[in-house]
Amino acid sequence: MDKYSNSRKDQLFKAPLKDMYKSDAKLKEPTLCMKCDALYQGGRWTWGTPDTTPDRGLCPACQRIADNCPAGFVAIDKGFYESHRREIQDLVKATEEKEKSEHPLERLIAIAEEPDQVLVTTTGVHLAQRLGHALTASYKGHAEYQYDDQKTRLDVYWERDKPGA
């Protein structure tokens with residue numbers, strides 16, 4: 001590696017990527033999501049009842065789910081998952097319910113079994129982070145968190161600590 005490979009010059013031309021699920025235009029208030037009934041009011045998405053007749057639209061979480069475009073990815077070792085399937089599914093769903101009750105845009109997209117891992121996908125980075133913490137707290141494992149440059153995507157790699165390690 002030469003002394004210029006990580007220079008500031010290399011970073012000057014990286015255009016910041018925009019999260020296409022965060023609108024630049026302000027939505028009309030109130031707006032009610034036509035799929036989940038989340039309410040856009042006071043400049044943010046919440047759960048509640050609008051004071052006046054709302055516009056109808058699609059919240060960013062429902063749009064991400066429809067597009068299958070996750071912001072969070074949690075990879076779990078498949079061997080451990082298979083031996084604790086029900087417990088982990090319950091933990092994932094309970095964690096999602098708690099996060100979603102406070103933050104309507106944080107939702108579970110899918111739990112997909114792949115050959116060597118189980119991949120949990122989420123609509124937001126906070127739910128993915130919370131799942132990593134919940135798995136670590138429940139099973140004494142280890143999680144690695146990797147954000148993209150704009151912190152609009154989070155990859156969490158979780159594994160159970162090996163005995164004697």
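Need pairs with beta-carbon distance below 9 Å; first residue closer than 14 Å to HIS84 by Cβ and within the stretch 129-150, second among the acidic types (Asp, Glu) and assigned to a loop (DSSP other than H, G, I, E, B); sequence gap 6+ or separate chains.
TYR139/ASP161; LYS140/ASP161; GLY141/ASP161
Just one of the numbered conditions (1) farther than 20 Å from ALA137 by Cα; (2) surrounded by fewer than 18 Cβ atoms within 10 Å (Cβ to Cβ); (3) in contact with a helix residue (DSSP H, G or I) (Cβ under 8 Å, 6 or more places away or on another chain) is not true of ILE109; which one?
(2)
Give me the residue from the stretch 10-28 that is more than 16 Å from GLY124 (Cβ to Cβ) and either at pLDDT 95 or above or hydrophobic (A, V, I, L, M, F, W, C) (or both) and, out of that set, nearest to the chain's Cα centre (by Cα).
LEU17
How many residues are over 21 Å from HIS103 (Cα atoms) and buried (at least 17 other Cβ atoms within 10 Å of the Cβ) if we restrict to the stretch 155-165?
So the answer is 3.
Look at ALA137 and say whether it is assigned to a strand (DSSP E or B) and either touching a helix residue (DSSP H, G or I) at 6+ places or on another chain (Cβ under 8 Å) or not assigned by TED's automatic domain parsing to the domain that holds ASP19 (or both).
no
Scanning the stretch 47-75 for residues that are free of Cβ contacts under 8 Å to residues at least 12 places away in the same chain and either assigned to a loop (DSSP other than H, G, I, E, B) or in contact with a helix residue (DSSP H, G or I) (Cβ under 9 Å, 6 or more places away or on another chain) (or both), which turns out surrounded by the fewest Cβ atoms within 10 Å (Cβ to Cβ)?
The qualifying residue surrounded by the fewest Cβ atoms within 10 Å (Cβ to Cβ) is THR53.
In this structure, does LYS3 turn out to be assigned to a loop (DSSP other than H, G, I, E, B) and modelled with pLDDT of 95 or more?
When the stated conditions are applied, LYS3 does not pass them.
Mind checking which residues of the stretch 132-154 are touching a Gly at 6+ places or on another chain (Cβ under 8 Å) and not basic (Lys, Arg)?
If we filter the stretch 132-154 for residues that are touching a Gly at 6+ places or on another chain (Cβ under 8 Å), which is where we start, we get 135, 143, 145, 153-154.
Across the stretch 132-154, the qualifying residues are LEU135, ALA143, TYR145, LEU154.
If you take the residues of the stretch 134-154 that are of a type in the set (Ser, Thr, Tyr) and under 28 Å from LYS22 (Cα atoms), which of them is surrounded by the most Cβ atoms within 10 Å (Cβ to Cβ)?
THR152
The values are calculated or read from the model by the stated rules, or taken from the named source; none is laboratory data. Values in this document were obtained by computation on a predicted structure and should not be read as measured data. Cβ atoms come from the backbone with ideal geometry, glycine included; neighbour counts cover every protein chain shown.
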